[in-house]
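The next block holds one structure in the form of structure tokens; read it before the comments.
The values are calculated or read from the model by the stated rules, or taken from the named source; none is laboratory data. From a predicted model like this one, the values you see are computed outputs, not experimental measurements. Because the Cβ atoms are built from the backbone with ideal geometry, glycine has one as well, and the counts that use them run over all protein chains shown. When the accessible area is computed, the model is the full protein with side chains, heavy atoms only, and any ligands, DNA or RNA have been set aside. Shrake-Rupley method; radii C 1.70, N 1.55, O 1.52, S 1.80 Å.
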Amino acid sequence: MSKIPNSSKLFIDIEQDTVSVRHVEGDIIVQWNFDDLSKQLNKKIPALMLVHAHSEMRGGVEYFKFNRARLMRGTNSHIIREQIDEGNILIDLRLHDAGTRGGHIITELVSEYMKTS
């Protein structure tokens, strides 16, 4: 989901302390506080290792040569707000799934890492 309305007329709206999914008519579908997002993300993913590797096939078996790694630890509300605003953290609503009512934030860390590599 982005700042531009999708086919369901939903878009994200970023304020100083919150991010929300809204309908073009103004209704707020779901809203998160950046401090709460930071706490939850740090709780669920306290550290993440991004690894870059070259791969090749030999006799039908894939081999990897790992040549770079980056350890990422912690985040804060400022970083989360900035990354949502830049489109590096995406919001994926799964309103049809009873197990995920509300929404999930999916990070595109690997994509961002590959841009800087």
*asked:* Rg and Dmax in Å for segment 1-54, alpha carbons only: what are they?
replied: 15.2, 48
*asked:* If you roll a 1.4 angstrom probe over the protein chains with everything in place, what fraction of the accessible area of segment 25-85 belongs to carbon and sulfur, to the nearest %?
replied: 50 percent
*Which value in Å is the Kirkwood Rh of segment 1-90 over different Cα pairs?*
15.7 Å
*Compute the FRET efficiency between residue 88 and residue 61 as 1/(1 + (r/R0)^6), taking r as their Cβ-Cβ distance and R0 = 35 Å, and round to the nearest 0.05.*
0.55
_Suppose each label sits 7 Å from its Cα in the direction of the beta carbon; what would the residue 48-residue 24 distance come out to in nanometres?_
3.2 nm
*Could you tally the net charge around residue 64, taking each other residue with its Cβ under 14 Å from the Cβ of residue 64, Lys/Arg +1 and Asp/Glu -1?*
+1
_Whole-Hz ³J(HN,Hα) from phi, Karplus 6.51 cos²θ - 1.76 cosθ + 1.60, for segment 8-16, glycine and proline x_ = 8, 6, 10, 8, 9, 10, 10, 10, 4
*asked:* Within 13 Å, Cβ to Cβ, of residue 41, how many net charges do the neighbouring residues add up to if Lys/Arg are +1 and Asp/Glu are -1?
replied: +3
